[in-house]
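Visitor: Quick one: the structure is below, questions incoming.
The values are calculated or read from the model by the stated rules, or taken from the named source; none is laboratory data. Keep in mind that what you see is a predicted model, and the values were worked out from it rather than measured. Cβ sites come from the backbone with ideal geometry, for glycine too, and all protein chains shown count toward neighbours.
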Amino acid sequence: MVSFLKKNFLFLAPMAGFSDSACRRICREYGADGAVTEFVYAGAVLRGIESAFEKIAFCESERPVGIQIFGSDQQELADAAVLLEEKFAPDFIDINFGCPAPNATSAGAGAFLLKNPPAMYSMVSSVAAVLKRTPVTVKMRTGWDLSSILLPDAARALADAGAEMITIHGRTKSMAYGGEADWKLIELTANVSPIPVIGNGSVEKRSGNQLNSSACAGFMVGRAALGNPWIFSEIKARMHGAEFSGPSPAERASLALRYAELVSNGTRSGISRENISHAKPQIMRFLREAAGFKKLRANIKNIKTLEELREMLCAYV
Ligand SMILES: Cc1cc2nc3c(=O)[nH]c(=O)nc-3n(C[C@H](O)[C@H](O)[C@H](O)COP(=O)(O)O)c2cc1C
């Protein structure tokens, strides 16, 4: 059972290359109720590829947290799910049927499965059959393109196959990340689905009324949370009809530093206190709206260590 769900539950979306453990922890601290790890290839999990486990590793404060897997082979997905259940004890295991990237679709995985619903359903039932105590959930798009929309029927079939929650990104694969998410279809599905539906797709643009009157059990926020974990409090304030005041430049700077500290603790290869170069794009995101950012950005380009960053941000904090 996805027993942790409560009304208007807010998830941080899985975002490959961005929603690392540091990002997930910060979003949880700033109002997200749960998170999903970025997707990992089932085959990589089974081969014990270290970088796959790095993406998955989470700390207790991130719970409830789901691990997301993708693949094209149902046996591989089931075996990977068993391994992950044993090794990490996540709160749920999510199967990705939404990734539009050619490296996923050309391998018959991610959004490619939207073209073959029976294969989706058997993947879900294979995974559900082998998990001992972990719910299996699904994240999908509405269909491959506008001429092949799968919802709401797929919700019933996925529930019959053993899925316990569906996150619907209200865009088709063909739309990638552009255009409007189809919230009418998300709501229609949530109204008839036997299992909880989590609505996804530019949630930050939904009004308080739309969110409060939704048939969805919760919502998932993606891009709007990048460098902006305050979005969760903003959305919650909107739901409660309360005012929200955004972060000051000092708050942005101190959160940028906290992110850098968390991410440089040695859990992500290539990033350490002595070399935070690979974390700089993410650090910049926290600062993007801070006053004086232009000058700061130029200066941050030239630094390498956490200590240098700390010194630079001291002027703001
Ligand atoms: C950079 C990036 C990486 C993403 N990686 C994943 C992923 O690993 N798994 C997944 O299910 N969706 C992934 N997504 C899709 C998001 O989870 C989300 O469904 C999508 O961005 C729509 O939500 P939004 O409009 O709030 O951004 C990714 C999106 C972006 C922008």
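Visitor: Which residues, taken from segment 133-172, are more than 18 Å from PHE70 (Cα to Cα) and of a type in the set (D, E, K, R)?
Guide: Answer for segment 133-172, where residues must be more than 18 Å from PHE70 (Cα to Cα) and of a type in the set (D, E, K, R): ARG133, ASP145, ASP153, ARG156, ASP160, ARG171.
Visitor: Among GLU311, GLU261, which is touching a helix residue (DSSP H, G or I) at 6+ places or on another chain (Cβ under 8 Å) and of a type in the set (Asp, Glu)?
Guide: Details: GLU311 fails: touching a helix residue (DSSP H, G or I) at 6+ places or on another chain (Cβ under 8 Å).
Answer to the selection: GLU261.
Visitor: While we're looking at this one, here's another question. Take the residues in segment 191-235 that are among the hydroxyl-bearing types (Ser, Thr, Tyr) and assigned to a loop (DSSP other than H, G, I, E, B), then tell me which one is farthest from the ligand (Cβ to nearest atom). I'd like the intermediate steps shown before the answer.
Guide: Residues of segment 191-235 among the hydroxyl-bearing types (Ser, Thr, Tyr): 193, 202, 207, 213-214, 233.
Checking which are assigned to a loop (DSSP other than H, G, I, E, B) leaves us with 193, 202, 207, 213-214.
On the way: SER193: 18, SER202: 4, SER207: 16, SER213: 20, SER214: 15 Å.
Residue satisfying both the conditions and the ranking: SER213.
Here's the yes/no breakdown for (1) hydroxyl-bearing (Ser, Thr, Tyr); (2) over 20 Å from ASN228 (Cβ atoms); (3) at pLDDT below 95; (4) surrounded by 13 or more Cβ atoms within 10 Å (Cβ to Cβ):
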site: GLY241; (1), (2), (3), (4): no, yes, no, no
site: ARG252; (1), (2), (3), (4): no, no, yes, yes
site: ALA260; (1), (2), (3), (4): no, no, no, yes
site: LYS280; (1), (2), (3), (4): no, no, yes, yes
site: ARG288; (1), (2), (3), (4): no, no, yes, yes
site: GLU307; (1), (2), (3), (4): no, yes, no, no
site: LEU313; (1), (2), (3), (4): no, no, yes, yes
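Visitor: Can you list residue pairs whose Cβ atoms sit under 8 Å apart, with the first residue in segment 223-242 being without any contact (Cβ under 8 Å) to a residue 24 or more places away in the chain and the second being away from the ligand (no atom under 12 Å from the Cβ) and among the acidic types (Asp, Glu)? Count only pairs 6 or more apart in sequence or on different chains.
Guide: ALA237/GLU243
Visitor: Of the residues ALA44, ALA35, which single one is farther than 17 Å from PHE92 by Cα and within 14 Å of the ligand (Cβ to nearest atom)? Full working, then the answer.
Guide: Details: ALA35 fails: farther than 17 Å from PHE92 by Cα.
ALA44 is the lone residue from the list that is farther than 17 Å from PHE92 by Cα and within 14 Å of the ligand (Cβ to nearest atom).
Visitor: Criterion first (away from the ligand (no atom under 16 Å from the Cβ) and in contact (Cβ under 8 Å) with a residue 24 or more places away in the chain) does GLU76 satisfy it?
Guide: Values: away from the ligand (no atom under 16 Å from the Cβ): yes; in contact (Cβ under 8 Å) with a residue 24 or more places away in the chain: yes.
Yes, satisfied.
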